[in-house]
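See structure below.
The numbers here are math on the coordinates, done by the rules we state, and not lab data. Since the structure is predicted, the reported quantities are computational estimates derived from the model, not experimental observations. Cβ atoms come from the backbone with ideal geometry, glycine included; neighbour counts cover every protein chain shown.
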Amino acid sequence: MEFSGEAVQGAMDLEQPARMVLEYPRAMVHLMEWNNPEFETAFIIGHGIGTLSAYLANRRLKVAELDAEVVEISRTFFGYEANDVIVGDGRELLEQEPSGMYDVIVVDAFTAAGTPAQFMSSSFFRLVKDRLRPNGLLLMNVFGRSGNDRQVNAIYATLSEHFDRTRLFALPTESGDEIQNRILAGSDSAIHYQARQMAGFVEQQPGEGHVIQNEDHWL
């Protein structure tokens, strides 16, 4: 499934439907399980075909998806069966949750233009931190130009204002002008990982970025 011509949001192996095809959900699952193997609760913004949601079916899970058509596609073409997806704005739905509710919050939301601005701002990360349990983990799936991407740098800088520990991982590309998949992680405790379990993602040092104060304009 694609929302734009340059980024794939979901894929399934028809011969092994339970296998996670894309690298980023495999890396995210490793980060979740390696840092807190016994975690119980997760809130996911962005359903896609339901890859992460299906894998986390044995946890207490809530999924927010803005587009009802995406949910229908996940059921019709990708076999998603659970009833844990709420159609609505992910930020508004997260605002309705109690403080300290979740061990993990995942932001995997996209439009054709990329990550919506409302999920990049200082006020959003303040909300996320409040809804996480102490030492909970935030994971973001984002795309940007390979190398020194200005938007990714700004998201990372903003994230760092609210969490004691932050890490940035990138899936290597062959050239310097390709769209690059990145995972940003934030927590108030150390974020550990095993490189061989990161599905090809490698840690990356971000460039200098500014803090995004305004939800409407990240620049």
Inset, instruction - Neighbouring Cβ atoms within 10 Å as the yardstick, rank 167, 126 fewest first. - result: 126, 167
Legend entry - Prolate/oblate/rounded call for region 113-163, Cα gyration tensor, a/c under 1.5 rounded: prolate
Legend entry - Positive-end extreme of charge dipole, region 108-219 - chosen from 199, 173, 114 (charges on Cβ): 199
Inset, instruction - Would you work out if region 90-219 is rounded, prolate or oblate? Take a ≥ b ≥ c from the square roots of the eigenvalues of the alpha-carbon gyration tensor; rounded if a/c is under 1.5, else prolate when a/b is larger than b/c, oblate otherwise. - result: oblate
Inset, instruction - Please sort 155-162, 85-92 by packing, taking for each peptide the average over its residues of neighbouring beta carbons within 10 angstrom, highest first. - result: 155-162, 85-92
Inset, instruction - Would you please put 102-108, 134-140 in order of how densely packed they are, using the mean number of other Cβ atoms within 10 angstrom per residue and starting with the highest? - result: 102-108, 134-140
